[in-house]
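A short worksheet on the structure shown next.
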Amino acid sequence: MSSPYITQPTSVNALMLRVLGALVPAIGAYVYFFGPAILVSLLLASVTALLCEAAMLKVRHYAADAFLVDGSAIVTAWLLALSMPPLAPWWLVVVGTAFAIVVAKHLYGGLGSNLFNPAMVGYAVMIVSFPVPMTHWAAPETLAAAHLSFAQDLRYMFAGVLPDHLKLDAVTMATPLDTLRTQLKLSHTLSEIRRLPIFGTLGGIGSQTVALMYLLGGLYLLFQRVITWHIPVAMAGALALVAGTLHGIDADHYASPGFELFTGGAMIGAFFIATDPVTAPTTPKGKLWFGAGIGVLTYCIRTFGGYPDGVAFGVLLMNMTVPLLDAYTQPRVFGHAEKETTRGKPQ
Amino acid sequence: MRPLFRFNGGIHPPQHKSESAGQGIVPGPLPKRLVLPLHQHIGAPAKAIVKPGDRVLKGQMIGQPQGPISAAVHAPTSGTIHAVGLHALPHPSGLQDLCIELWPDQEDRWIDRQPIEYREKDPTRVLDHLRSAGVVGLGGAVFPSAVKLNPGPPGRVPTLIINGAECEPWITCDDALMRERSGEIVEGILIMRHLLDAQEILIGIEDNKPEAAAAMRRAAAASPFPMEVVVVPTVYPTGGAKQLTQILTGKEAPSSGRSSDIGVACFNVATAYTVHRAVNHGEPVLSRVVTVTGNVRQARNFDALIGTLLPDLVALAQPKDDTDGFIMGGPLMGHRLPALDVPVVKAMNCLIATSPALFKPAPRPMPCIRCGRCAAACPVKLQPQDLHWFAKASNFGKAQEYALFDCIECGCCSYVCPSHIPLVQYFRHAKGEIWAREREKKAADTARERHTFREDRLEREKKERAERLAQKAAAATAQAAGDGAAAQSKEDALRAAIERAKAKKAEIVPRNTENLPPSTLSEIEKIEARRAQLREAAATKSLDQKED
C-alpha cells in the first residue's frame, strides 16, 4: 500500500451518528407537543430499515457487518418517520420504509449510488398511494379535543381501534399548511386565518417549535462540518425570497416568509433532507443552485399545487438535476485559467 | 505584516514534530561500506568515472554528470572503490540501479577543496561549479539546482522564495538545519539571489517552528541584502512549492508551466545550505540531515553521509522491538521501504519507523457517499469524488478532463475521507494507466505512419515508372510520325500514351505475391489467365450487344 499512511479518525458511521444526534432535540419537542406515538413510528421505521437493509445486503452479497452499522439506513428511517403523521398506522411506516430502503436505495446501487433521496421516495410513494392516512396529523396536545394515552396510541397504530367514544377527528386535525390552503379557498384573508388557534407566532402551534429544533440541530451539523452552509442557506433563502416577494405584493393571500420557513418540512428539509450528500451536488455552486431549486419548487407546490407540502417533491425533482449541476459548476482548478476549463461540458 | 494568501483546503494532521525536534544535529555513522547510486536526481544518471580498486579522497567526483540535466556524485569519505554494480535503491518497488560501492579507509582525508568567489565569476562558471558539486533540490524533488538557477533573460525571476515550511508530520530535518546553521543558509541564499538577480527574498516557515524562525530572522538581519522571514500558518501541504508561492505572493503557477513563469524561484533551505558549502567552501554534497523518528527510542536528526546503508543509520536511533517497517519521507507523501538494505540518498529527508500501534492499518473502505470533504481539502481544487468515480470505471478520458494530472498526490483527500477510500492510490493507478496507454498509442502511431509511408512510396514509384514508360512510348511514336508531323498528332500520341499508361497502371494492382512458393505462383498465374479470358469474353459479348 502506498501513501498516505495516516487517516483522520472519522467514518461514515460517525457522520451518520451525528445526524441522528442532531435530530434528537426535534424529536424531544415532537414528543412534548404531539405525544410519544412518534417514538413508536421511529422504532418501527428503524427496525424495518435494518431488516430490509440486511436482506438486501445478503441478496447483493455485501458484507452485512460493515454496512448494517454504517447508520445510513437508520437516518433514512428516522427522516421518513419524522415526515409521516405521528399517529400513522404501523403498515404506513413499514411499507414506506421498506420501499425507501429496498427500491430507492438498494435497487439504485445501495449506499452512495442512489440518485433519489430514499426517505423522500418513501414519503412520495405513500402520499400518492395512501393520501388519506398520510394527511391525518395528530393535533397538538394543547388543541386536541381529546387525549389518547400511550396504550391507546399503540392500539390505534397497530389495530386501528380508537376508544369507543372517540372519532378520529377528535385526535387529529389538518396541518397548518392544509388549514391555510383550505381557509384561503374559503376566501378568508391571511390575517383572519392566522388568528385561528392552530397558529402560533411563527407557524403552527407545536410544529413551529419542532422546526426551531430542526434549525438548532442543523446548526450543530454545520459547526460539526457534517454539512456545509450552501444547501440550507440557498433553500431557505430562495423559499423566503419567493414568499417575501408574493407576500409583499398581496399580503392577504400569500403567507409571510417566516411562516413558510417554520411550517411543514422546510426546516427538516433544508438541514437534514436536501443535505443528504449522496443525492446532492458536490460543488459549492451546484449546491447553491440545488438548494435554491428546492426552495422555489417547495413554495410553488405548496402555494399552487395539490399536495400538502412541497419539500419531498422539490427534493426529488432537484435530485434529477444533480449530475447536470455537478458537471456545469466545476470550480476552477489551481493554476488553470478561468476560460480554459471545458471540463464537464458534453463533447 | 505581509498580507498572506491561502490555498484551498489543506489538513491539520497530528504533528509529531516534538519527538525529534530540538535535539540538535547528530553526526551520522562512518560505516564500513557506502553504496552511492549514480542516479539520485532528476535527469540523466551520472556516469561512473572510477573502477574497482581505485583509491578516492573525500569529496572526489566519482560520477560525472551527463547531459544538460544531471548532477555529479562524490565520494563522501576517503577509501577504496570496491565495486560498480547493481544495488537496491530506496524505491517503493525495491528497484535496483547502478551504484558505486565505497569501502571507507576511516581516515576521512579531503581532496583539495576549491571555493570560488561567486561575485567575480561569470554566472555560468558558478552554475558549472554547482553542477559538478552535485547540488540538487533537497526538499524531495532532487532537481539539479544549476538548471533552476540559470537566470535566463534578466529580470525574469524577481522573487526568490526559500522553503522552510516543512509541513509533513514527523519530519524536522529542515527545522534542525535552520536552528543550527541559519547563517550558512543565508550565505547560500545570497549566492542564489546573485545568480537569479532576484529583487525580493522571502523565507517561508510554518508557525510550529518558532525557534527556527527566530534563528533565521537573526541571520537575515545580518544579511547585506534584505530578506524577509515570513511565518505562515501550519497547514499541510504548505511546503509544496506552488502552495508556498501562493501563500506568500498570491500568485498561482500555471498548471502546465513552472514557477519561473510567474517570476518566482523556490528552493528548500537545505539546498541553500549546500549551495553555500559548495561555493564558499568547495565542498560538494556529501551528506544530508535525515530525521530518524517514529517507533524509536532516540528520535534524532543525523547528518548522514550519502550512501550510508540504512541499518547503520537506523541503529543509532534504537528502533523499538515491535517495529514492522520504515517509511521514507513523511506519512502523507512518503513511501514504505520494501527492504532496509538501501542507502541514504539526497532525496531522503526522513525515516519513520512504523509499528502496528503507531500506524494503524486503514479501515476497510466503504462506498463514496459524495460528502465532498475531499474536494474541500484539495489544495489544487480538484473534485476527488468525481475523479475516483472515473478512475474506478476506467473512464480515463473523463478523468483527464477533470484535471487528473494536476493532482499533486499530497494525500489530503485520502486523509479526510470518512469512507477511507484510498483515493491517491486510485489516482496514481489512473495516471499509470494513462501513461501506459499513451506509450502504446505512440508505438501504434509510429507503426501506422511507417506503414503508410511505405505504401505511399510504392505507389509513387509505380506511378513514376509508368510515366517514364509513357514518355518513352510517346517519344517513339513522335519519332515514327516523323519530324514533319503536326503538333496535333504529337499531342494525340501523347494523350494516347498517357491513356495506355493509365490503363497499364490500372492493371498493376498490388499483389502480395512476393515470397511465395513456386507452386502457389503458378496457381496464381493460372487464375490470372482465367480472369483474362473472362475479361476477353466479356469484352466480346459487350461488343456483340452493341451490334444488336
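The values are calculated or read from the model by the stated rules, or taken from the named source; none is laboratory data. From a predicted model like this one, the values you see are computed outputs, not experimental measurements. Note that each Cβ is placed from the backbone with ideal geometry, even for glycine, and that neighbours are counted across all protein chains shown. The protein model used for the area step is the full one, side chains on, heavy atoms only, and it has no ligands, DNA or RNA in it. Shrake-Rupley method; radii C 1.70, N 1.55, O 1.52, S 1.80 Å.
Simple spin-label estimate for B:LYS32 and B:LYS504 gives 8.5 nm between the two label positions (7 Å along the Cα-to-Cβ direction from each Cα). The number of Lys pairs in chain A with C-alpha atoms less than 24 Å apart, excluding pairs fewer than 8 positions apart on the same chain, is 6. A:ALA170 to B:LYS392: FRET efficiency via 1/(1 + (r/R0)^6), r the Cβ-Cβ distance, R0 56 Å, to the nearest 0.05? Calculated value: 0.50. Once Rh is set to the Kirkwood radius over Cα pairs, what Stokes-Einstein translational diffusion coefficient, in µm²/s, holds for chain A at a temperature of 20 °C and a viscosity of 1.002 mPa s? The calculation lands on 101 µm²/s. The Rg/Rh ratio of the range A:228-347, with both radii computed over alpha carbons and Rh defined as the Kirkwood radius, is 1.06. Working note: Karplus 6.51/-1.76/1.60 with θ = phi - 60° gives the range A:284-296 the couplings x, 5, x, 5, 5, 4, 4, x, 4, x, 5, x, 5 Hz, where Gly and Pro are set to x. Can you give the calculated 222 nm mean residue ellipticity of chain B, where each DSSP H run of n ≥ 4 adds -39,500 (n - 2.57) and the sum is split over every residue, rounded to the nearest 500 deg cm²/dmol? Computed ellipticity for chain B at 222 nm equals -13000 deg cm²/dmol.
Bridging of B:LYS472 to lysines at a Cα separation below 23 Å is possible for B:LYS462, B:LYS463, B:LYS490, B:LYS502, B:LYS504, B:LYS505, once same-chain residues fewer than 8 apart are set aside. Between the range A:160-234 and the range B:215-263, the C-alpha centres lie 56 angstrom from each other.
Full extension of the segment from A:LEU68 to A:LEU115, taken as 0.36 nm per residue of separation minus the current Cα-Cα distance, would add 14.9 nm. Using the Cβ-Cβ distance between B:ARG55 and A:LYS285 with R0 set to 51 Å, the FRET efficiency works out to roughly 0.15. Taking the chain by itself as reference, the range A:7-25 contains these residues with an accessible-area loss of 40 Å² or more in the full protein complex (1.4 Å probe, heavy atoms): A:THR7, A:GLN8, A:THR10, A:VAL12, A:LEU15. Helix B:123-132 against the longest principal axis of chain B: what's the angle in degrees, Cα atoms only, rounded to the nearest 10? The answer is roughly 80 degrees.
Ordering of A:207-215, B:286-294, B:103-111 by packing is B:286-294, A:207-215, B:103-111, highest average first (other Cβ atoms within 10 Å, averaged per residue). The fraction of accessible area contributed by carbon and sulfur in the protein assembly as shown is 59 percent, rounded to a whole number (1.4 Å probe; ligands and nucleic acids excluded). What does the C-alpha gyration tensor say about the overall shape of the range B:338-444? Classify as rounded when a/c is under 1.5, otherwise prolate if a/b is larger than b/c, or oblate. Oblate.
For the range A:219-260, the residues whose amide N sits under 16 Å from a probe point set 7 Å from the Cα of A:THR189 along the beta carbon direction are A:247-256. Once label points are set 7 Å from the Cα along Cα→Cβ at both B:ALA357 and A:CYS300, what is their separation, rounded to one decimal in nm? Here the answer is 6.2 nm between the modelled labels.
Accessible surface for the protein assembly as shown, divided over its residues, is 46 Å² per residue with a 1.4 Å probe. Peptides A:220-233, B:40-53, A:90-103, ordered by how many other C-beta atoms sit within 10 Å of their residues on average, highest first, read A:90-103, A:220-233, B:40-53. Taking amide H as placed 1.01 Å from N in the peptide plane, the amide H of B:VAL26 sits under 5 Å from that of B:ASN301, B:PHE302, B:ASP303, each at least 5 places away or on another chain. Please give the helix B:518-547 orientation as an angle from the longest Cα principal axis of chain B, in degrees from 0 to 90, rounded to the nearest 10. Value to nearest ten degrees: 50.
In terms of packing, defined here as the mean over residues of other Cβ atoms within 10 angstrom, the peptides B:340-353, A:251-264, B:459-472, B:318-331 line up highest first as B:340-353, A:251-264, B:318-331, B:459-472. The residues of the range B:415-445 listed by number as losing at least 30 Å² of accessible area in the complex, against the isolated chain and with a 1.4 Å probe, are B:TYR415, B:PRO418, B:HIS420, B:GLN425, B:ARG428. Using only the alpha-carbon atoms, how far is helix B:269-281 inclined from the longest principal axis of chain B? Give it as 0 to 90 degrees, nearest 10. Helix B:269-281 and the main axis of chain B meet at about 80 degrees. Considering protein heavy atoms only and a 1.4 Å probe radius, which residues within the range A:265-282 exhibit an accessible-area decrease of no less than 40 Å² in the full assembly relative to the chain by itself? Buried on complex formation: A:PRO277, A:THR282. Counting only C-alpha contacts under 8 Å and six or more residues apart, can you give the relative contact order of chain B as a whole percent? Computed value for chain B: 15 percent relative contact order.
Report, in cubic angstrom per residue, the convex hull volume of the C-alpha atoms of the range A:23-175. Taking only Cα atoms, the range A:23-175 has a hull volume of 108 Å³ per residue.
Distance distribution P(r), the protein assembly as shown, all Cα-Cα pairs, bin width 10 angstrom from 0: 2, 10, 15, 15, 12, 11, 10, 10, 7, 4, 2, 0, 0, 0 percent. In straight-distance terms, cross-link reach from B:LYS442 covers every one of the aspartates and glutamates whose alpha-carbon lies under 16 Å from its own, apart from those fewer than eight places away in the same chain; here that gives B:GLU433.
The lysines within cross-link reach of B:LYS320, meaning a Cα-to-Cα straight distance under 28 Å and a gap of 8 or more places when in the same chain, are B:LYS17, B:LYS32, B:LYS209, B:LYS346, B:LYS360.
When the accessible areas of B alone and A alone are added and the area of the pair subtracted, with a 1.4 Å probe, the result is around 4000 Å², both sides summed. Rounded to whole Å, give me the distance from the Cα center of the range A:303-324 to that of the range B:127-154. If we compute the Cα centre of each part, the gap is 61 Å. Computing FRET efficiency as 1/(1 + (r/R0)^6) for A:TYR32 and A:GLN224, where r is the C-beta to C-beta distance and R0 is 30 Å, gives about 0.75.
Against the empirical curve 2.2 N^0.38 Å, the C-alpha radius of gyration of the range B:4-87 lands at a ratio of 1.62. Counting, for every residue in B:251-258, the Cβ atoms of other protein chains within 10 Å of its Cβ and taking the mean gives 3. Between the alpha-carbon centres of the range A:3-71 and the range A:243-296 there is a gap of 25 Å.
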